[in-house]
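These notes are about the structure you will find just below.
The values are calculated or read from the model by the stated rules, or taken from the named source; none is laboratory data. Note that the coordinates shown come from a computational prediction; the quantities given were computed from them, not determined experimentally. As a convention, Cβ positions derive from the backbone with ideal geometry for all residues, glycine included, and neighbour counts pool all protein chains shown. Surface areas here come from the heavy atoms of the whole protein model, side chains and all, with no ligands, DNA or RNA. Shrake-Rupley method; radii C 1.70, N 1.55, O 1.52, S 1.80 Å.
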Amino acid sequence: MLNNNLQTLMVSMIMAVGVTLSGCDSTKEDAQDPEAGAATTSEQTAKDTSTQTAPTDTADLDGATAQQGTPVKYDVLAWGADQVEPITVDELDGIKATFGKVVSTDENSLDYASNPASKYRFMNTDAPYLDIIDSEKYLELGWYYANPTDSDKEKELSQNHAKKSYMLARQLMGDDGGKVLADMLNGQIIKDKTIGGQKIELAKCEFYSCMLVLNKAAAQTDNS
């Protein structure tokens with residue numbers, strides 16, 4: 001009888017120890033699971049954030065590239081190889097012939113210094129302009145200076161206008177006149193300088209416009 005009671009007590013103690021150990025293991029697993037879940041959630045959040053920001057950066061980069069456009073190139077070295085016939089600032093017919101056919105004439109225009117002048121247009125009003133303004137004192141060449149974001153057609157016309165102006169500058173001032181045009185197209189501004197016997201009042205290309213103004217009354221024979 002005593003032996004049976006002892007056996008029963010031993011079995012009960014073993015079962016109790018087993019339940020206790022099982023509870024401890026379960027508690028450890030429960031303690032570990034939240035950490036694992038937190039790590040998984042943090043990793044997923046990082047991936048989601050990365051996925052959300054990547055397209056935005058790409059869109060900004062693409063937009064900036066599209067807005068920059070392609071700069072206009074002027075092949076002045078090739079233009080300089082062409083032969084030209086010298087003319088003077090008073091030979092208006094020869095000057096107009098270099099620019100082409102006159103589309104319209106405004107006899108009530110003004111020159112660089114707001115003196116009465118005649119404006120000769122060589123392009124239609126809806127196209128990039130190419131003009132000559134002639135007065136008693138000044139001869140002014142003006143043309144559209146294309147922007148990198150302009151259309152290919154606008155850039156092509158701007159290049160053609162620059163080529164004609166380059167040729168005319170060489171006719172009026174020799175090869176040094178071609179250098180003046182090249183400097184203009186590279187962003188340089190020239191004022192009050194005599195080149196090739198012609199007094200340059202102003203020469204510049206900026207803000208969609210190029211202009212070369214020659215002071216006919218101040219023309220000299222030296223290059224000072």
Between Asp175 and Ser151, take the C-beta separation as r, use R0 = 30 Å, and let me know the FRET efficiency to the nearest 0.05.
-> 0.35
On alpha-carbon atoms, Rg over Rh for segment 138-224 using Kirkwood Rh?
-> 0.99
So the number of lysine pairs in segment 73-195 with alpha-carbon atoms under 18 angstrom apart, 8 or more residues apart or on different chains, is 24
Mean accessible surface per residue for segment 130-224, computed with a 1.4 Å probe while every protein chain stays in place, in Å² = 43
Summarise the long-distance tail of P(r) for segment 62-134 by giving the % of C-alpha pairs beyond 19 Å.
-> 57
